[in-house]
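Nothing in this text is a laboratory measurement; each read-out follows from the coordinates by a stated rule. Keep in mind that what you see is a predicted model, and the values were worked out from it rather than measured. Ideal geometry is used to build each Cβ from the backbone, glycine not excepted, and the neighbour counts take in all protein chains shown.
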Amino acid sequence: MTSTVPALGTRTAEGSALQGVLLDMDGTLVNSDAVVERCWRRWADRHGLDFDEVIKVVHGRQGYASMAVLLPERPMAENYAENREMLAAETADMEGVVPIPGAPAFMAALAGLRLPHALVTSADVPLSTGRMAAAGLGLPDVRVTAESVGASKPDPEGFLKGAAELGFDPADCLVFEDSEAGILAGRAAGMRVVGVGARAAALGPTVHVDDLTGVRIADAGGGEFRLTFG
């Protein structure tokens, strides 16, 4: 089955024009699960928590926000301190970081066709730069990282900032996300969401794809583009 997003510059009864693309990183463009699991397993062991329950929470959120969910009685100052340690540990560990299938071609198509796009990630600048490089992916010119926002996904702040920096209304942007927190953030921002990978399948995105190999971008002429998924 093939799904189509309206061409840029058009408006249909199905939704508003698609003018910008907002991209999560981990799980969407980059497979960093091996690193995430190593670092959070150590953290879970340190705090006597069940790793299987911990890993259900951490995808998509900034570390301090995950810690606040998992240790609700702990002062936030301790979460922020351990989040800094977590970011440093993840930035130092790039073993097993690879691109999501189809990501290199997809990113090349976005850049080559000049479809406006931004990275919106819960990682900070060093971690996002390191992981994108490890996966062999170029960084978009517009990036919204952990340093850019005051609230973690599922808060929509990051996606709203990404749309604003691209210069488009939220309803005219399409989000690519893999996690529950990220999909909730995209919806809260008033955007359509492409769910990428197994985690996203049951979360009700606008469109679901197993990976990025089936995503196609076509120049429809007159400055318009069309995205298809299938």
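Kirkwood Rh over alpha-carbon pairs of segment 111-168, then Stokes-Einstein at 25 °C and 0.890 mPa s: what D in µm² s⁻¹, rounded to an integer? All intermediate terms of the calculation are to be shown ahead of the outcome.
Details: Rh = 11.9 Å.
Reported coefficient: 206 µm²/s.
Above 26 Å lies some portion of the pair distances; for segment 81-221, what is it as a whole percent of all C-alpha pairs? Each step should come with its number before you reach the end.
Values: 2055 of 9870 pairs.
Counting every Cα pair in segment 81-221, those more than 26 Å apart make up 21 percent.
Could you check what % of the DSSP bridge pairs in the chain are antiparallel, to the nearest 5? List each step's numbers first, then the result.
On the way: 12 of 30 bridges.
Roughly 40 percent of the DSSP beta bridges within the chain come out antiparallel.
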Next item on the list: Within segment 108-180, report the trypsin sites (Lys or Arg not before Pro) that DSSP leaves as loop and that have at most 16 other Cβ atoms within 10 Å.
Entry: Arg114
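Relative to the compact globular guide of 2.2 N^0.38 Å, what is the alpha carbon radius of gyration of segment 27-154, as a ratio?
My calculation over the Cα atoms of segment 27-154 gives 1.10.
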Item checked: Normalised contact order of segment 38-145, rounded percent, pairs of Cα under 8 Å and 6 or more residues apart -> 23
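Return a whole-number percent for the relative contact order of segment 163-206, with Cα pairs under 8 Å and 6 or more residues apart as the contact set.
On the way: 61 pairs, mean separation 15.8, N = 44.
With pairs under 8 Å counted, the relative contact order is 36 percent.
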Notebook entry, point to check: Do the sum for the chain: with -39,500 (n - 2.57) for every DSSP H run of n ≥ 4, divided by all residues, what is the mean residue ellipticity at 222 nm, to the nearest 500 deg cm²/dmol?
Noted result: -11000 deg cm²/dmol
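Using packing as a proxy for protection, rank 91-97, 104-110, 23-29 so that the peptide with the highest average count of other Cβ atoms within 10 Å comes first. Before the final figure, lay out each step's value.
Working: 91-97: 15.4, 104-110: 18.7, 23-29: 26.1.
Ranked from most to least packed, the peptides come out as 23-29, 104-110, 91-97.
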Next item on the list: Could you tell me whether segment 147-230 comes out rounded, prolate or oblate from its Cα gyration tensor? Rule is a ≥ b ≥ c as square roots of the eigenvalues, rounded for a/c under 1.5, then prolate if a/b exceeds b/c, otherwise oblate.
Entry: oblate
Item checked: Amide H contacts of Val144 (H built 1.01 Å from N, under 5 Å, at least 5 apart or other chain) -> Leu119, Val120, Thr121
Item checked: Gaussian network model of the chain, springs between alpha carbon atoms under 10 Å - residue of Gly60, Gly204, Gly162 with greatest fluctuation -> Gly204
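Evaluate the relative contact order of the chain (contact order divided by residue number), counting alpha-carbon pairs under 8 angstrom at least 6 apart; express in whole percent.
On the way: 448 pairs, mean separation 62.2, N = 230.
Computed over the chain, the figure is 27 percent.
Can you tell me the FRET efficiency between Ala88 and Lys56 if r is taken as the Cβ-Cβ distance and R0 is 25 Å, rounded to the nearest 0.05?
Details: r = 24 Å, r/R0 = 0.96.
Once the sixth-power term is evaluated, E becomes 0.55.
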Check: How much length is gained if the chain between Ser148 and Asp219 is pulled fully straight, taking 0.36 nm per residue apart and subtracting their Cα-Cα distance, in nm to one decimal?
Finding: 22.4 nm
